[in-house]
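One structure is given below, encoded as structure tokens.
The values are calculated or read from the model by the stated rules, or taken from the named source; none is laboratory data. Just so it is clear, the structure is predicted and the values come from calculations on it, not from any experiment. Here the Cβ positions follow ideal geometry from the backbone for every residue, glycine too, while neighbour counts run over all protein chains shown.
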């Protein structure tokens, strides 16, 4: 039986009188990539924010590897194995690319969190960091400040940081947004690599249907904050109701 790594039960959030996420119950399993789709305003990113702890839930709970993490903050959820990449990059702009990765690996290994403690004595941190930078094709920019990177390279670095955290659950919110046609395949190949690890699970919010067709094992559809469909990609995409009500005209061009 496939292991359930992440689960939401009746997850709900209200902003005033508006229910942004409405009692969503869903389980996510090891070795599975789930695409979360729906029209703008459907609640996809808000659902992500509830899972990662960016905003508190009004009701319901989030369970990670059997542990109720509903009351934990972002940092504690991250330490327990929940990784999140944001639509807007969340990096240390005044540090170099290499320093960003080393800090993440250092924090994961509980070796302290000061730049001065990361001198030559921590060669193993640099080696591990460089291996990740090579995977995202940023090894040649290791000495650049993050602020000097292009938007696409900052997105690559953000994925590299999440790989450095080595989470059990990877959460990607439109990972190729703003990236050029040449840059996007690097990120998509990395996500495919992560998906191939049968001990992890991947959640992907994405609007590009060709990306979803390529990567997704399963699609869930949110509409007005509620779970509207859940199933294999072919079944969900073939649904007339989903195509007309939730995808709009986008599927017509695929």
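For residue 245, the stated conditions do not hold, so it cannot be described as part of a helix (DSSP H, G or I) and modelled with pLDDT of 90 or more. Looking at segment 1-58, none of the strands (runs of 3 or more DSSP E) lying wholly inside it contains 3 or more residues that are free of Cβ contacts under 8 Å to residues at least 40 places away in the same chain.
The residues of segment 187-203 that are touching a helix residue (DSSP H, G or I) at 6+ places or on another chain (Cβ under 7 Å) and assigned to a strand (DSSP E or B) amount to a single one, 202. Within segment 163-186, being in contact (Cβ under 8 Å) with a residue 40 or more places away in the chain and either buried (at least 21 other Cβ atoms within 10 Å of the Cβ) or not in a helix (DSSP H, G or I) (or both) holds for 164, 166, 167, 168, 169, 170, 171, 172, 173, 174, 175, 177. A count restricted to segment 209-227 and to residues that are crowded, with 18+ Cβ neighbours inside 10 Å, out of contact with any helix residue (DSSP H, G or I) (no Cβ under 6 Å at 6 or more places or on another chain) and assigned to a loop (DSSP other than H, G, I, E, B) stands at 1.
Evaluated against (1) buried (at least 16 other Cβ atoms within 10 Å of the Cβ); (2) closer than 21 Å to residue 202 by Cβ; (3) modelled with pLDDT of 85 or more; (4) out of contact with any strand residue (DSSP E or B) (no Cβ under 6 Å at 6 or more places or on another chain), residue 89 falls short on exactly one condition, (3). Regarding residue 138, is this residue at pLDDT 90 or above and either touching a helix residue (DSSP H, G or I) at 6+ places or on another chain (Cβ under 8 Å) or farther than 20 Å from residue 85 by Cα (or both)? Taking the combined requirement at face value, the residue satisfies it. If you check residue 204 against the conditions, is it touching a residue at least 60 places away in the same chain (Cβ under 8 Å), over 22 Å from residue 134 (Cα atoms) and crowded, with 21+ Cβ neighbours inside 10 Å? Answer is yes for this residue.
When every residue of segment 19-27 is checked against the conditions, none turns out to be buried (at least 19 other Cβ atoms within 10 Å of the Cβ) and within 19 Å of residue 78 (Cβ to Cβ).
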